Structure formats: structure tokens, C-alpha cells
């Protein structure tokens, strides 16, 4: 099992919903981020996977590193071991 974590460090779909509801109700959207960000500290899903006995790769912050991470992850999966690749993406 190869799991790729799309880690945008938040619940951005929820932010978009809150912004839409605020606009419909003529309220400011400046507080839409409250309770939707997973920061301070940032969650390291690769380390979290390792605590469960899986191989964790990442967090990947540079797109140039994704191909190598996938190659390594696929090699490990072929041995029958589960892998989580934590990729940091834009918060939208």
C-alpha cells in the first residue's frame, strides 16, 4: 500500500465553505481560517506513519524531490511493506 499525503496543512475545503457562507450573510471572511489550519507545530505525517510501523518518506517540500520519493516508496511497497509519502502542498 502506497499512500501519498496531500498535506496542505489545513482543511482548505472548510475555509472555502466558511468564506462562501460569510459572503452570503454579508459578514467578513477575515476569520475563515480559525480552526482550519494544522500548524504550530506542523504535523509530520511521515514520522506519524513510522510510529505505526510503516515507512514514512518526507515531508517533501520541493517538487524536485517527489520523483525520488515515489521511486523509493514503490521499491518498498514491492517488498510488501506499506509506505506513506508526506507531500507539502499549497494551502488551497
Quiz item: Can you pull out the residues in the stretch 68-88 that are farther than 12 Å from residue 7 by Cβ and within 17 Å of the chain's Cα centre (by Cα)?
Solution: 69, 70, 73, 83
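At least 2 residues that are surrounded by 16 or more Cβ atoms within 10 Å (Cβ to Cβ) and modelled with pLDDT of 85 or more in each: list the helices (runs of 4 or more DSSP H) lying fully within the chain that qualify.
Numbers: elements: 12-24, 45-51, 66-78.
Result: 45-51, 66-78.
The values are calculated or read from the model by the stated rules, or taken from the named source; none is laboratory data. Note that the structure is a prediction, hence the values are computed from the model and not measured. Cβ sites come from the backbone with ideal geometry, for glycine too, and all protein chains shown count toward neighbours.
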